[in-house]
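The values are calculated or read from the model by the stated rules, or taken from the named source; none is laboratory data. All figures in this text were calculated on a predicted structure; none of them were measured in a lab. Here the Cβ positions follow ideal geometry from the backbone for every residue, glycine too, while neighbour counts run over all protein chains shown. SASA here: full protein model, heavy atoms, side chains in, ligands and nucleic acids out. Shrake-Rupley method; radii C 1.70, N 1.55, O 1.52, S 1.80 Å.
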Amino acid sequence: MIKELVFDDAILSTPCEAATAEDASVAQDLIDTLASIEGAACLAANQIGVTKALCVYLDESDKPHAIYNPKIMLGLAAFKTEEGCLTRDEVSVVTRYQRVKVAYDEMVDGALVPRKKDLTDWTAQIVQHMIDHCKGKLV
């Protein structure tokens, strides 16, 4: 279901609690909402008012991926960049990594399965942005 975006700093700055398999409907809401926003590449659960560590991003082929409880395990090649955000008016200068190793959970047959993935460039950047959202970090 397409949800309204949340612009309330109190919600967006709240660190998210761990997502569980019972949050699968939230993942679907994120996918539906992201698909409804032209030019959007990623969305975190707190951006639709749900303070769970769950986000969705589009890969290079515009395929959505839901990742539960993402964490950066390793970051290489730090750089400064400007980022916008769907739920923040101002552009922020942030430090990102060109390459990251991310640990996360993925829904498989109704259960969360631990995974790790190496990401680079744009995908690495947007996933780092989503992880900041899960931590309640306003970017």
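General remarks:
- Residue check for Cys85: in contact with a Cys (Cβ under 6 Å, 6 or more places away or on another chain) and under 22 Å from Gln125 (Cβ atoms): no
- For beta carbons closer than 8 Å, sequence separation of 6+ or different chains, a first residue in the stretch 84-113 that is touching a residue at least 60 places away in the same chain (Cβ under 8 Å) and a second that is among the charged types (D, E, K, R) and surrounded by 17 or more Cβ atoms within 10 Å (Cβ to Cβ), the qualifying pairs are Leu112/Asp105.
- Of all the residues in the stretch 5-29, those that are under 16 Å from Asp105 (Cα atoms) and out of contact with any Gly (no Cβ under 9 Å at 6 or more places or on another chain) number 10.
- Residues that are exposed (fewer than 15 other Cβ atoms within 10 Å of the Cβ), within 21 Å of Gly84 (Cα to Cα) and of a type outside the set (A, V, I, L, M, F, W, C) occur at least once in the stretch 15-27.
- Residues of the stretch 1-20 satisfying the condition of being in contact with a helix residue (DSSP H, G or I) (Cβ under 8 Å, 6 or more places away or on another chain) and farther than 22 Å from Asp32 by Cα: Thr14, Pro15
- The set of residues in the stretch 60-71 that are farther than 13 Å from Ile126 by Cβ and open to solvent by less than 90 Å² (accessible area, probe 1.4 Å) comprises Ala66, Tyr68, Asn69.
- Long-range neighbours under 6 Å by Cβ, at least six apart or interchain, first residue under 11 Å from Ser13 (Cα atoms) within the stretch 39-51, second of a type outside the set (A, V, I, L, M) and outside any loop (DSSP other than H, G, I, E, B): Asn46/His133
- Candidates Val102, Val91 - the one that is part of a strand (DSSP E or B) and modelled with pLDDT under 95: Val91
- Val56 vs. criteria over 26 Å from Tyr97 (Cα atoms), outside any loop (DSSP other than H, G, I, E, B) and under 13 Å from the mean Cα position of the chain (by Cα): no
- Some residue of the stretch 107-125 being under 26 Å from Asp8 (Cβ atoms) and either over 15 Å from the mean Cα position of the chain (by Cα) or surrounded by 15 or more Cβ atoms within 10 Å (Cβ to Cβ) (or both): yes
- One residue stands out among those in the stretch 30-59 that are open to solvent by less than 30 Å² (accessible area, probe 1.4 Å) and more than 18 Å from Tyr104 (Cβ to Cβ): the one that is modelled with the lowest pLDDT, which is Ala40.
- Considering residues of the stretch 79-89 that are loosely packed, with under 10 Cβ neighbours inside 10 Å and over 22 Å from Thr33 (Cβ atoms) only, the residue farthest from the chain's Cα centre (by Cα): Lys80
- Scanning the stretch 82-121 for residues that are among the hydroxyl-bearing types (Ser, Thr, Tyr) and out of contact with any helix residue (DSSP H, G or I) (no Cβ under 7 Å at 6 or more places or on another chain) yields Ser92, Thr95, Tyr104, Thr120.
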